[in-house]
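Colleague: Sharing a structure, written as structure tokens. Questions coming.
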Amino acid sequence: MSRRKKSHQSSHGTANRPRLWGKHAVAAALDNPDRKVLRAWATREAADQMQFPKDVALTLADVADLGRLVPGDAPHQGVVIEVEALDEIWLDGILNAAPERGILLVLDQVTDPHNVGAILRSAAAFGAIGIVTQDRHSPPESGVVAKAASGALERVPWVRVVNLARALEEIGEAGFWRIGLAGDADGELREALGPSRVALVLGAEGPGLRHNTREHCDALARLPITDSIESLNVSNAAAIALYAASIA
């Protein structure tokens, strides 16, 4: 089960050759030995700050020209790069290398790239060993994901799987206690935590966890939020759950 490379076309790059922008995302890509940077565009000031390798084709450009290389009003901060998508990452590789105490995130059809990027950022902040998403129902690598991740796209392993239920079975067999976050759960997250290896399973906003996904969790739990609000944004929920799991 792996991250697949696709070739959907876009005027701002493809899934095989996405364009990344923003200083944190670009700096992290340049620092990642597993990331192949193909081309770069930057203002002179940004180029001096980024210190691009000599083998990267660099074009100096003004802000208006850079704006045409990215979607809409994307905050490029004076620098855009075109890269090769990262190589496939296999689920068993993550599980086999997992430490005795580890946190894994599983996303059930979370498709918004801003949310996935923010979740990657939180995963890096709290030391998660990786995230797992369903191949057909998650965003590809993109500048939007990378900008929201603020460098974490290059640091947190991202596994794409074909069948999420089967992946959850493998995760359970590897000794992870699978906790599905659900607003209708009877118990709170703090009551479900305990085992040293934890897989936090989060669903998309609105639909939440699908029935089959819930069936492949060892426990369902809710966050202790007040009745004044129905639910949290999935990226906020992930950050809170990661913090709770990291201190359990």
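Only the coordinates and a few stated rules stand behind these numbers; no lab work does. Fair warning: this is a prediction, and the values are worked out from it, not measured in the lab. Cβ coordinates were reconstructed from backbone atoms using ideal geometry, including for glycine residues, and neighbour counts include every protein chain displayed.
Colleague: What percent antiparallel are the DSSP beta bridges of the range 91-247, to the nearest 5?
Modeller: 5 percent
Colleague: Check which residues have an amide H placed less than 5 Å from THR59's amide H, if you skip close sequence neighbours.
Modeller: So THR59 has HN proximity to ALA40, TRP41, ALA42.
Colleague: Taking θ as phi - 60°, what are the ³J(HN,Hα) couplings along the range 174-186 by the Karplus curve (6.51, -1.76, 1.60), each to the nearest whole Hz, with x for Gly and Pro?
Modeller: With the stated coefficients, the range 174-186 comes to 7, x, 8, 8, 8, 10, x, 7, 9, x, 9, 5, 6 Hz.
Colleague: Once both axes come from the Cα atoms, what is the angle between helix 164-173 and the longest principal axis of the chain, in degrees from 0 to 90, rounded to 10?
Modeller: 60 degrees
Colleague: Then there is this: Pop out the ³J(HN,Hα) list for the range 199-214 in order, Karplus 6.51 cos²θ - 1.76 cosθ + 1.60 with θ = phi - 60°, rounded to Hz; leave Gly and Pro as x.
Modeller: 10, 8, 10, 10, x, 5, 5, x, x, x, 6, 6, 4, 5, 5, 4
Colleague: Long-range amide H contacts for ARG178: which residues qualify at under 5 Å (H placed 1.01 Å from N, peptide plane, sequence gap of 5 or more or a different chain)?
Modeller: Correct list: ALA199, ASP218, ALA219.
Colleague: Mean residue ellipticity at 222 nm from the helices of the chain, using -39,500 (n - 2.57) per DSSP H segment of n ≥ 4 over the full residue count, to the nearest 500 deg cm²/dmol?
Modeller: About -8500 deg cm²/dmol.
Colleague: Counting other beta carbons within 10 Å of each Cβ, put ILE119, ILE225, ILE103 in order, fewest first.
Modeller: The most exposed by this proxy come first: ILE225, ILE103, ILE119.
Colleague: Let me check I've understood the local charge: for LEU153, count other residues with C-beta under 11 angstrom from its C-beta, Lys and Arg +1, Asp and Glu -1. What total comes out?
Modeller: +2
Colleague: Next question. By its C-alpha gyration tensor, with a ≥ b ≥ c as the square roots of the eigenvalues, how is the range 91-247 shaped: rounded for a/c under 1.5, else prolate for a/b larger than b/c, else oblate?
Modeller: Verdict is rounded for the range 91-247.
Colleague: Enumerate the calculated ³J(HN,Hα) couplings along the range 86-97 in order (Karplus 6.51 cos²θ - 1.76 cosθ + 1.60, θ = phi - 60°), each rounded to whole Hz, writing x wherever the residue is Gly or Pro.
Modeller: Working through the residues one at a time gives 5, 5, 4, 10, 9, 4, 5, x, 5, 5, 5, 9 Hz.
Colleague: I would also like to ask the following. Given +1 on the Cβ of Lys and Arg, -1 on the Cβ of Asp and Glu, and no further charges, what dipole in debye does the chain carry about its Cα centre, rounded to the nearest 20?
Modeller: 620 debye
Colleague: Now for a different question. Could you list SER235, SER228, SER246 so that the one with the fewest beta carbons within 10 Å of its beta carbon is first and the one with the most is last?
Modeller: Going from least to most buried by this count: SER228, SER246, SER235.
Colleague: Continuing with this model, one more query. Quick one: length gained pulling GLU173 to ASN236 fully straight, 0.36 nm per residue minus the C-alpha distance?
Modeller: 19.8 nm
Colleague: In whole percent, what relative contact order does the chain give with Cα contacts below 8 Å and a gap of six or more residues?
Modeller: Value for the chain: 21 percent.
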